[in-house]
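The values are calculated or read from the model by the stated rules, or taken from the named source; none is laboratory data. Given the structure is predicted, the values throughout are model-derived calculations rather than measurements. Here the Cβ positions follow ideal geometry from the backbone for every residue, glycine too, while neighbour counts run over all protein chains shown.
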Amino acid sequence: MISRHFAVVCSLSTLAAVSACSSNAPRNDAVFDPAGRSSSAVTYGSVSSIDLVPVSSRTSGGGAILGAVIGGVLGSQVGSGSGRDAATVVGAVGGAVAGNQIERRRKSDDEVYRVSVRLDNGRSAQFDYQRIDDLRVGDRVKVQDGQLHRA
């Protein structure tokens with residue numbers, strides 16, 4: 001009895017960890033230098049484009065985790081012995097996939113503004129925002145700590 005519950009907890013913990021690692025981070029968390037290190041240096045540039053893009057491809061992982069827990073619990077109610085263990089794992093994986101798809105569908109109507117900036121150093125950067133207020137293409141901007149500011 002204890003080993004079956006231990007197996008359920010272990011499989012759910014592993015699935016939760018994998019789901020959390022697979023979620024996409026926001027695109028405007030940090031400015032990176034060519035060597036790939038995070039930088040808080042101030043950079044200037046101009047807005048080259050502003051596009052409205054759907055965020056359905058990005059999920060938080062919460063739907064997958066909740067689905068895995070529910071699927072694992074339901075799967076543990078089926079069969080006995082090693083069949084029950086297998087049903088628990090299958091339920092957890094199936095629940096994770098279903099939960100992720102439900103979350104993705106729920107977010108499919110959400111859109112963000114993707115602001116593309118041509119930096120003075122020749123590089124380009126993109127930033128996603130829920131609102132951009134009166135920012136326009138051609139505006140001069142400052143990038144500091146991963147955020148855009150009007151210059």
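Descriptive notes on the structure:
- Some residue of segment 118-139 being modelled with pLDDT of 85 or more, of a type outside the set (Val, Ile, Thr) and assigned to a helix (DSSP H, G or I): no
- Of the residues making up segment 74-95, those that are part of a helix (DSSP H, G or I) and without any contact (Cβ under 8 Å) to a residue 40 or more places away in the chain are 74, 75, 82, 83, 86, 87, 90, 91, 94, 95.
- On inspection, residue 98 does not qualify as aliphatic (A, V, I, L, M) and without any contact (Cβ under 8 Å) to a residue 12 or more places away in the chain.
- Residue among 83, 79, 99, 91 that is more than 21 Å from the chain's Cα centre (by Cα), surrounded by 18 or more Cβ atoms within 10 Å (Cβ to Cβ) and over 30 Å from residue 47 (Cβ atoms): 91
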